[in-house]
Every structure is written in C-alpha cells, then in structure tokens.
Amino acid sequence: MRQSLRSKITKIKTDNAQIVYHLFFHNTHYGLECYKENSNLEAPLNYCLVENITDDEGEAEDFLYRMAKGAVLPIHINDMIEDYF
C-alpha cells in the first residue's frame, strides 16, 4: 500500500470524462497518478502511475498544474514526463 506524506489532487472535466491528477510524495520523491474517473482502470488508456519523478516540490507542482491545464490524458503522461524532465 502506497502512503503519501503530502498529496494534491486536481480534477478537470473534458469530453464527458473527469480526469484526476494525484501528485504524491513518497520516499523523498514526487510521483503522479492520473486516471479517468468511472472507467476501467486496468486499461492503459485510462490509468497511469509514475513514481520518482522529481525531488523538487516546485517542479512537481508546476508539472501537475500544466497537465491539468492541458487536459492531458493518462496515456500521454509518460511522454509528457519525458519531455518536461
């Protein structure tokens, strides 16, 4: 079971789907969980979890807000992380 010491959740509604972005802090690094609410979370199109993105809180929060503002879908999160970091 993953436990977060710090956590921020942002939700957006796009194309009849609610996308949840969950930024969490665990073991000295930030990670991001992204998923479409009320969907099959076993499908890679609907769910993404990336741990150990960065140890910088400001960078992690900036990334979270950029993803929410751009309405990035779970399937694209890994590509966005590669481009951003």
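The values are calculated or read from the model by the stated rules, or taken from the named source; none is laboratory data. Just so it is clear, the structure is predicted and the values come from calculations on it, not from any experiment. Note that each Cβ is placed from the backbone with ideal geometry, even for glycine, and that neighbours are counted across all protein chains shown. Just so you know, the surface numbers come from the protein's heavy atoms only, side chains and all, with ligands and any DNA or RNA stripped out. Shrake-Rupley method; radii C 1.70, N 1.55, O 1.52, S 1.80 Å.
Which percent of the accessible area of the chain is formed by carbon and sulfur heavy atoms (probe 1.4 angstrom)?
45 percent
Just to confirm the number: angle between the C-alpha axis of helix 57-69 and the first principal axis of the chain, 0 to 90 degrees, nearest 10?
10 degrees
Given H placed 1.01 Å from N in the peptide plane, which residues other than close sequence neighbours of His26 have an amide H under 5 Å from its amide H?
The list, which skips near neighbours in sequence, is Gly31.
If you roll a 1.4 Å probe over the heavy atoms of the protein chains, what accessible area per residue do you get for the chain, in Å²?
Per-residue accessible area for the chain comes out at 64 Å².
For the chain, what does the relative contact order come out to in percent, with C-alpha contacts under 8 Å and a separation of six or more?
With pairs under 8 Å counted, the relative contact order is 25 percent.
Using the per-residue mean of other Cβ atoms lying within 10 Å as a proxy for protection, in what order, highest first, do the peptides 41-52, 23-34, 65-76 fall?
Peptide ranking by packing, descending: 23-34, 65-76, 41-52.
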